[in-house]
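Since the structure comes first, as structure tokens, the remarks are kept for the end.
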Amino acid sequence: MCGIVGAVSQRDITGVLIKGLQRLEYRGYDSAGIAVVAADHGFERRRTQGKVKNLDELIRAQPLSGQCGVAHTRWATHGVPSEKNAHPHRCNEITLVHNGIIENFESLRKKQLELGHEFDSETDTEVIVHAIDDEYKKSKDLLTSVQKTVESLQGAYALGVLEKGNNNHMVAVRKGSPLVIGIGNNEHFIASDVFALLGEAEHFIYLEDGDVADMTHDSVTIYNESGQPVERKINQTTLQADTVGLGEYDHYMQKEIFEQAAVLKHTLEGRIENGRILTSCFGEAAEEAFKSIQEVQIVACGTSFHAGLVAKYWFESVAGLPCHIEVASEFRYRPHIVKSNTLFVTISQSGETADTLAALQASSELGYAHTLAICNVPESSLVRESEWSLMTKAGPEIGVASTKAFTTQLTALLLLVVSLGKYHAIDEKTHIEIVRQLEVLPEKVAEVLRLEPEIIEFSKKFNDKHNALFLGRGEQYPVAMEGALKLKEISYIHAEAYPAGELKHGPLALVDDQMPVVAVAPNNDLLEKLKSNLQEVQARGGELFVFADVHATFEETEGLEIIRVSEISEIIAPIIYTVPLQLLAYHVALLKGTDVDQPRNLAKSVTVE
């Protein structure tokens, strides 16, 4: 949440900062701003409410330039979206940008008001800039002032700080919120993630918790939380600038839906040999350790939580291993009973989700045997802090509503299920059959994507609707949950998912001719029970939209519309049936005229509680 970009160079960096904000806009788009140390060594600042394009237009009308600057795109926490609450914030000699939440800002603000400070915004961020300015008056040293100030801050924050009168100096801080340093040609950058700086830098330093970086155009010195100078590894990114472009597509979500067949191939590459999954892909010591695992605990948020719910079915019904799953924000705040030889699994697209990270950090004190991250970003905090990791290899996902990250997470989790299950309930024959199904998975996804014209016709029936129900049974219930989440995220239709067998326990009261009901119906052991549930909907005038296996023997009647999905193995069905629900949500949102890639009130990476 919130996007930061900054630079200290020997050239005008205004354009670099704006381009960086445009790439970070998926992190927040309530307001945007930029500040530079100008040629006369004073600050120049521009801020606007709304999206980065508004800021870009303002700068075209009121140009500014500088060799040292910071910029920010905001996702509102404290204070409504407005120009006065937009970053950068300024106090006398200091200006800064901030991502995160300062939990003790009220007490700090009260003290500062008593000292005579005047506040221009409603944000928690403003207490930081006032505190640094107070320290700066004493020391006239920016680094010392920042280090003193962060000692008093409680919460999560990433900061980029400038001082008036010095166009070759920036201080950056990372505590709980992600921040990277980009190393350019005689220039240095900061950003919330590497995507912002592609084309400007290929080498990056990932700051660790508590790090403070003292930067000029030709030097970077990093201090740890204790104030001691430290060396941090320099990493070279393999990402290319063109991988985050739209190409032939109208929206990132559309692009990412249609990339799924290709990225699923990437997820499987190098992890299967001679028809069997290579357990070594999880880590050098994983194979030996996996033999002793007796239980699995999964922790995740949002879409990743839904992936974990599917995996729970797989672990218990296929691998014969007990599996527990919990939302990370709940896991953190209750006592736990941990059995020995339990594997702690975290799932996250970004690897920077605050609650998931905190749960991982707590796991070491709770006595879990090993930790494993399923993640899409190799250099993320989650990966760095986990014992083992498995990268989903989905590539950059820019659309706020996750699509390809979800299906690659499911695929990675199925690899894990088999790798653990072969020491329990998965025999050699089952192992080989699951691998065979995984190998045809990209092709099956491509087949489902070809159903788009029929799904577009489905979507037209939702244009005037305000509510929807999604139904599934067994491992398809989490798929229904994910379908409902996608629809509500981007079309703003209120959508809820239920196990189909729960209809009679309340949801049936909602069914009428204005309540579309979406169901996923693979040809499995629960199909006949699902059909009975759907007949209950029809009998009450509900309008049914069913994605059904070609052999599921459904017949279209009044109030029942069907899209036939090709025959699919039960083990990969949750991955396949996810895709048409993504397309349905996308096309409904187009008809509704909403912002598909940046839905209101949401941000891509939830880096605060």
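The values are calculated or read from the model by the stated rules, or taken from the named source; none is laboratory data. Not measured: the values here are computed from a predicted model. Every residue, glycine as well, gets a Cβ built from its backbone with ideal geometry; the counts of neighbours run over all protein chains shown. Keep in mind that these areas ignore ligands, DNA and RNA; they rest on the heavy atoms of the full protein, side chains included. Shrake-Rupley method; radii C 1.70, N 1.55, O 1.52, S 1.80 Å.
Remarks
- Here the stretch 486-507 is the region considered, the condition is being open to solvent by 10 Å² or more (accessible area, probe 1.4 Å) and among the basic types (Lys, Arg), and the residue that is farthest from Ala589 (Cα to Cα) is Lys504.
Residue by residue, here is whether (1) part of a loop (DSSP other than H, G, I, E, B); (2) at pLDDT below 95 holds:
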site	(1), (2)
Pro378	yes, yes
Glu397	yes, yes
Gln409	no, no
Ala412	no, no
Val418	no, no
Ile426	yes, no
Glu443	no, no
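- Answer from Gln409, Gln437 - the residue that is in contact (Cβ under 8 Å) with a residue 60 or more places away in the chain, crowded, with 24+ Cβ neighbours inside 10 Å and either over 23 Å from the mean Cα position of the chain (by Cα) or closer than 15 Å to Pro574 by Cα (or both): Gln409
- Note on the stretch 49-72: among residues that are under 16 Å from Phe189 (Cα atoms) and open to solvent by less than 40 Å² (accessible area, probe 1.4 Å), the one that is farthest from the chain's Cα centre (by Cα) is Gly66.
- Here the condition is being within 15 Å of Ile455 (Cβ to Cβ) and either modelled with pLDDT of 80 or more or out of contact with any Lys or Arg (no Cβ under 7 Å at 6 or more places or on another chain) (or both); of Leu602, Leu591, it holds for Leu591 alone.
- Flag if Glu326 is within 21 Å of Ala425 (Cβ to Cβ) and either surrounded by fewer than 20 Cβ atoms within 10 Å (Cβ to Cβ) or among the acidic types (Asp, Glu) (or both): no
- Residues satisfying the stated conditions in the stretch 345-375, i.e. in contact with a strand residue (DSSP E or B) (Cβ under 7 Å, 6 or more places away or on another chain) and polar (S, T, N, Q): Thr346, Ser348, Thr356, Ser363, Thr371
- Filtered residues of the stretch 512-543 (kept if under 32 Å from the mean Cα position of the chain (by Cα) and in a strand (DSSP E or B)): Pro516, Val517, Val518, Ala519, Val520, Ala521
- Verdict on Gly483 being in contact (Cβ under 8 Å) with a residue 12 or more places away in the chain, part of a helix (DSSP H, G or I) and open to solvent by 20 Å² or more (accessible area, probe 1.4 Å): no
- Every listed requirement among (1) out of contact with any helix residue (DSSP H, G or I) (no Cβ under 6 Å at 6 or more places or on another chain); (2) at negative phi is met by Tyr492 save one, (2).
- Positions within the stretch 412-434 being small (Gly, Ala, Ser), surrounded by 16 or more Cβ atoms within 10 Å (Cβ to Cβ) and over 19 Å from Tyr577 (Cα atoms), in sequence order: Ser419, Gly421
- Ala86 meets each of the listed conditions (1) closer than 17 Å to Arg47 by Cβ; (2) open to solvent by 20 Å² or more (accessible area, probe 1.4 Å) apart from (2).
- The residue that is farthest from Leu471 (Cα to Cα), counting only those in the stretch 512-562 that are β-branched (Val, Ile, Thr) and buried (at least 17 other Cβ atoms within 10 Å of the Cβ), is Ile562.
- When the stretch 349-405 is filtered for residues that are surrounded by 23 or more Cβ atoms within 10 Å (Cβ to Cβ), of a type in the set (Lys, Arg) and over 30 Å from Asp595 (Cα atoms), nothing remains.
- Residues located in the stretch 265-306, provided they are aliphatic (A, V, I, L, M), surrounded by 21 or more Cβ atoms within 10 Å (Cβ to Cβ), touching a strand residue (DSSP E or B) at 6+ places or on another chain (Cβ under 6 Å) and in contact (Cβ under 8 Å) with a residue 60 or more places away in the chain: Ala286, Val296, Val299
- Residue within the stretch 489-503 that is outside any strand (DSSP E or B), among the aliphatic types (A, V, I, L, M) and out of contact with any strand residue (DSSP E or B) (no Cβ under 8 Å at 6 or more places or on another chain) present: yes
- Single residue of Ala311, Ala262 found to be open to solvent by 40 Å² or more (accessible area, probe 1.4 Å) and part of a helix (DSSP H, G or I): Ala262
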